[in-house]
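Participant: Sharing a structure with you now.
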Amino acid sequence: MKKLTLSVVLALSIGFSISQTLVSATQLSSKSSAQVQGTLNAYGWNASAMTINPVVSYTITYNTVDVHGNATVASGAVYLPTLAGCEYAPMIAYNHGTEFKKNNVPSNGAYSGQGLFFSTTGFISVLPDYLGLGVNSGIHPYQHAESEATATLDLIRAVREFLDTNTVIHDNGQLFLTGYSQGGHAAMATNKYIEEHNMTSEFEVIACAPLSGAYDQSGSQFDLIFDGDSNYYAAVFLPYILGSYQEAYGTIYQNFNELYDSPFDVNINTYLNAGTYSFSQWMTMLGGANYYNFMQDSVLQNILADVDRDSHPINIALAANNLYDWVPQNPVRMMYCGNDSMVSPNNAIFTLDTMVALGATAVEALNMSPTGDHNSCFNPATANALTWFESNADKCSNYASILDNENLDLNVYPNPAKYFLTITGISIDSYDVAVYSILGKQFEVIQTNNVLNIEKLPSGVYFVVFTNTSSNTTRRIRFVKG
């Protein structure tokens, strides 16, 4: 990786050339093992079986792009575990849930519980603020898939630059994605963006755990909100998402009075641009959960009259941010609770059914509690994500696809293969070789020199994993068994 030139900004601040993705890194907090333990206990997580390590966090500012592709600066946070005898750690990108207050974000210390929870056992945790929050100006593009993804990926790039100057811990090349509520949508969006833009060599996603997210905005989530009783528990999400899509697409309205009754048109404009009002303040201003209180009846009638949901500008924008119609190449485990009245459980169920119908082989949807709601689902879903990531993480070793001190052209052919797989670009005698399914199950295969007999493997996606114990390095490559 490229070395950076440091300059001291403040006692605990590090500045970088703006030509890089990283702009600055400033220490946010330093927690001892006991302090981390206390935070996890306060969150209600059972940390008794966890290995608790000290954690240091930093505020990161970085270069990225806005919803129109223009250069801008955004912010986030990174949490680094202090690990005795470990040079490398895998990375988790955690995307936070809906936030109305611009400064209540990871870069300012919010969501520190999640950062500590995912980092203390040995993960580098990256938490983006998103656009329009933290140091980034303008309206937050809420539930806008592309900007959620680019803000996350550019923060990862910036953190990698920062870690290149940090002699304590380095990114090992494994990337795990998760997040809750809006963060579930953002995690899924990031995974989809990586694959659709052929970025898997830069961001090797080992597993993705989207939690209680609205992946089917124009279907399952639409049906929950507009279910005929004119009330939605979180009616404030409507002006938030419509303001977001107006910012992104410019097709929703020209003036607020086209959508909202007076005085809500003026108030919504004020609240949306200020970014200083909480969820409860928004709900009080809107007069409660009945969206007919503040939205014009004709607007709602026109949205609902678009039976196929493909012609009204609002329905078109919602559909543009659906995330169910693709085939993940890495394992995806969606988690939800059956009594969620804020984000419909059908988002996960429909997404699973659609992905499987399209040919996905490594996607799951787990109901964490049939009676759990959106709030009670957070702890068990988050804990399950960490446990799952732990089982797939390769800690304390360099898992990077390309080693810094070697120039290897690792490849397998044919790919897809049906009977035999030939490995090139690596001295196989120097490595232990194993074959795993995309869900982590190991399979026995016959190896003859650089050829693997895969005839007995079921059809699906697999990895050949090469481990060199003497140099403490691991490499892998994906193949498809036809």
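Participant: Cβ-Cβ below 7 Å, separation at least six or inter-chain, first residue in segment 334-353 and of a type in the set (Asp, Glu), second buried (at least 22 other Cβ atoms within 10 Å of the Cβ) and part of a loop (DSSP other than H, G, I, E, B): which pairs?
Facilitator: That search, which allows pairs on different chains as well, returns Asp340/Ser212; Asp340/Cys377.
Participant: Okay, moving on. Restricting attention to segment 57-92, and to residues there that are touching a His at 6+ places or on another chain (Cβ under 8 Å) and in a strand (DSSP E or B), which single residue is surrounded by the fewest Cβ atoms within 10 Å (Cβ to Cβ)? If you could, list the steps in order and put the result at the bottom.
Facilitator: Our first condition is that a residue be touching a His at 6+ places or on another chain (Cβ under 8 Å); within segment 57-92, this holds for 67, 87-89.
Right, trim to in a strand (DSSP E or B) and you get 88-89.
Working: Tyr88: 23, Ala89: 28.
Selected residue: Tyr88.
Participant: Here are Thr276, Thr284: which of them is part of a loop (DSSP other than H, G, I, E, B) and either surrounded by fewer than 16 Cβ atoms within 10 Å (Cβ to Cβ) or not hydroxyl-bearing (Ser, Thr, Tyr) (or both)? Explain how you work it out, then say what you get.
Facilitator: Numbers: Thr284 fails: part of a loop (DSSP other than H, G, I, E, B).
That would be Thr276, the only listed residue that is part of a loop (DSSP other than H, G, I, E, B) and either surrounded by fewer than 16 Cβ atoms within 10 Å (Cβ to Cβ) or not hydroxyl-bearing (Ser, Thr, Tyr) (or both).
Participant: To continue, here is another question. Would you confirm whether any residue within segment 185-200 is in a helix (DSSP H, G or I), in contact with a helix residue (DSSP H, G or I) (Cβ under 6 Å, 6 or more places away or on another chain), of a type in the set (D, E, K, R) and under 21 Å from Tyr324 (Cβ atoms)?
Facilitator: no
Participant: Consider Asp229 against the criteria (1) without any contact (Cβ under 8 Å) to a residue 24 or more places away in the chain; (2) in contact with a helix residue (DSSP H, G or I) (Cβ under 9 Å, 6 or more places away or on another chain): it satisfies all of them except one. Which criterion is unmet?
Facilitator: (2)
Participant: If a residue has to be under 30 Å from Ala248 (Cα atoms) and either in contact (Cβ under 8 Å) with a residue 40 or more places away in the chain or outside the structural domain of Phe123 (by TED's automatic domain parsing) (or both) to count, how many in segment 69-96 make the cut? Explain how you work it out, then say what you get.
Facilitator: Filtering segment 69-96 for residues under 30 Å from Ala248 (Cα atoms) gives 69-78, 91-96.
If we keep only those that are either in contact (Cβ under 8 Å) with a residue 40 or more places away in the chain or outside the structural domain of Phe123 (by TED's automatic domain parsing) (or both) too, we end up with 72-78, 91-96.
Result for segment 69-96: 13.
Participant: Somewhere in segment 255-267, is a residue of a type in the set (S, T, N, Q), under 30 Å from Tyr193 (Cβ atoms) and touching a residue at least 12 places away in the same chain (Cβ under 8 Å)?
Facilitator: Filtering segment 255-267 for residues of a type in the set (S, T, N, Q) gives 255, 257, 262, 267.
So of that shortlist, the ones also under 30 Å from Tyr193 (Cβ atoms) come out as none.
Scanning segment 255-267, I find no residue that is of a type in the set (S, T, N, Q), under 30 Å from Tyr193 (Cβ atoms) and touching a residue at least 12 places away in the same chain (Cβ under 8 Å), so the answer is no.
Participant: Identify, please: which residue in segment 172-208 is of a type in the set (Val, Ile, Thr) and touching a Pro at 6+ places or on another chain (Cβ under 8 Å) and is, among those, surrounded by the most Cβ atoms within 10 Å (Cβ to Cβ)?
Facilitator: Taking segment 172-208 as the starting set, the residues that turn out to be of a type in the set (Val, Ile, Thr) are 178, 190, 194, 200, 205-206.
With the extra rule that they be touching a Pro at 6+ places or on another chain (Cβ under 8 Å), the set shrinks to 178, 206.
Working: Thr178: 31, Ile206: 23.
Here the residue is Thr178.
Participant: Examine segment 125-141 for a residue that is under 26 Å from Tyr88 (Cβ atoms), in a helix (DSSP H, G or I) and not β-branched (Val, Ile, Thr), and state whether such a residue exists. Let's see the steps before the verdict.
Facilitator: The initial filter retains those residues of segment 125-141 that are under 26 Å from Tyr88 (Cβ atoms), namely 125-128.
Still in the running and in a helix (DSSP H, G or I): none.
For segment 125-141, residues under 26 Å from Tyr88 (Cβ atoms), in a helix (DSSP H, G or I) and not β-branched (Val, Ile, Thr): absent.
Participant: Cβ contacts < 7 Å: first residue among the acidic types (Asp, Glu), restricted to segment 306-325; second residue assigned to a loop (DSSP other than H, G, I, E, B), any location; separation 6+ or different chain. Result?
Facilitator: Filtered contacts from segment 306-325: Asp306/His312.
Participant: Within the set of pairs 6 or more residues apart or between chains, which connect a residue that is in contact (Cβ under 8 Å) with a residue 60 or more places away in the chain inside segment 186-211 to a residue that is part of a strand (DSSP E or B) and among the hydroxyl-bearing types (Ser, Thr, Tyr) with Cβ atoms less than 8 Å apart?
Facilitator: Ala187/Thr178; Cys208/Thr178; Ala209/Thr178; Pro210/Thr178; Leu211/Thr178; Leu211/Tyr180; Leu211/Tyr336
Participant: Which is within 26 Å of Cys396 (Cβ to Cβ) and of a type in the set (S, T, N, Q), of Ser119, Ser75, Ser107? Quick ask: steps written out before the conclusion?
Facilitator: Details: Ser75 fails: within 26 Å of Cys396 (Cβ to Cβ); Ser107 fails: within 26 Å of Cys396 (Cβ to Cβ).
Residue meeting the stated conditions: Ser119.
Participant: Can I ask one more? From Ala214, Ala274, grab the single residue that is within 29 Å of Gly372 (Cα to Cα), out of contact with any Asp or Glu (no Cβ under 8 Å at 6 or more places or on another chain) and of a type outside the set (S, T, N, Q).
Facilitator: On the way: Ala274 fails: within 29 Å of Gly372 (Cα to Cα).
Going through Ala214, Ala274 in turn, just one is within 29 Å of Gly372 (Cα to Cα), out of contact with any Asp or Glu (no Cβ under 8 Å at 6 or more places or on another chain) and of a type outside the set (S, T, N, Q): Ala214.
Participant: Working only within segment 438-482, note down all residues that are outside any loop (DSSP other than H, G, I, E, B), polar (S, T, N, Q) and at pLDDT 75 or above.
Facilitator: Going through segment 438-482, the residues outside any loop (DSSP other than H, G, I, E, B) turn out to be 442-443, 446-448, 451-453, 460-468, 473-481.
This time we only want the ones that are polar (S, T, N, Q), so: 442, 447-448, 453, 467-468, 473-474.
Gln442, Gln447, Thr448, Asn453, Thr467, Asn468, listed by residue number.
Participant: Ok, one more. Residue under question is Ala348, and the condition is that it be of a type in the set (A, V, I, L, M, F, W, C) and within 22 Å of Gly184 (Cβ to Cβ); does it hold?
Facilitator: yes
Participant: Sticking with this structure for a sec: Which residue is farthest from the chain's Cα centre (by Cα), if the candidates are limited to segment 93-124 and must be in a strand (DSSP E or B) and of a type in the set (A, V, I, L, M)? Steps first, answer last, please.
Facilitator: Our first condition is that a residue be in a strand (DSSP E or B); within segment 93-124, this holds for 93-95, 124.
Filter again for of a type in the set (A, V, I, L, M), leaving 93, 124.
Details: Ala93: 6, Ile124: 14 Å.
Residue satisfying both the conditions and the ranking: Ile124.
Participant: Which one of the conditions (1) closer than 27 Å to Phe279 by Cβ; (2) of a type outside the set (Lys, Arg); (3) assigned to a strand (DSSP E or B) does Ile349 fail to meet, given that it meets all the rest?
Facilitator: Only one criterion is unmet by Ile349, namely (3).
Participant: Which pairs do you get when a residue that is in the same structural domain as Gly115 (by TED's automatic domain parsing), found in segment 29-40, comes within reach of a residue that is in a helix (DSSP H, G or I) and surrounded by fewer than 17 Cβ atoms within 10 Å (Cβ to Cβ), reach meaning Cβ atoms under 6 angstrom, with the pair 6+ apart or on two chains?
Facilitator: Qualifying pairs under 6 Å: Thr39/Gly113.
Participant: Going by what's in this entry, would Val327 be described as among the aliphatic types (A, V, I, L, M) and within 26 Å of Gln114 (Cβ to Cβ)? Break it down into steps so the answer makes sense when it comes.
Facilitator: Details: among the aliphatic types (A, V, I, L, M): yes; within 26 Å of Gln114 (Cβ to Cβ): no.
For Val327, the condition - among the aliphatic types (A, V, I, L, M) and within 26 Å of Gln114 (Cβ to Cβ) - is not met.
Participant: For the subset of segment 166-193 comprising residues that are among the β-branched types (Val, Ile, Thr) and in contact with a strand residue (DSSP E or B) (Cβ under 6 Å, 6 or more places away or on another chain), which member is nearest to Ala84 (Cα to Cα)?
Facilitator: Initially, segment 166-193 is screened for residues among the β-branched types (Val, Ile, Thr), giving 167-169, 178, 190.
Adding the requirement that they be in contact with a strand residue (DSSP E or B) (Cβ under 6 Å, 6 or more places away or on another chain) leaves 169, 178, 190.
Working: Ile169: 10, Thr178: 26, Thr190: 32 Å.
The residue in question is Ile169.
Participant: Among all residue pairs at least 6 apart or on different chains, which show Cβ distances below 9 Å where the first residue, located in segment 283-302, is closer than 23 Å to Phe100 by Cα and the second is among the polar types (S, T, N, Q) and crowded, with 17+ Cβ neighbours inside 10 Å?
Facilitator: If the second residue must be among the polar types (S, T, N, Q) and crowded, with 17+ Cβ neighbours inside 10 Å, the pairs left are Met285/Asn267; Leu286/Asn267; Phe294/Asn267.
Participant: Further question: Name the residue, out of Asp216, Asp223, that is within 23 Å of the chain's Cα centre (by Cα), acidic (Asp, Glu) and closer than 28 Å to Ile303 by Cβ.
Facilitator: Numbers: Asp223 fails: within 23 Å of the chain's Cα centre (by Cα).
Step by step, each of Asp216, Asp223 is checked, and only Asp216 is within 23 Å of the chain's Cα centre (by Cα), acidic (Asp, Glu) and closer than 28 Å to Ile303 by Cβ.
The values are calculated or read from the model by the stated rules, or taken from the named source; none is laboratory data. The structure displayed is predicted, hence computed values, not measured ones. Cβ sites come from the backbone with ideal geometry, for glycine too, and all protein chains shown count toward neighbours.
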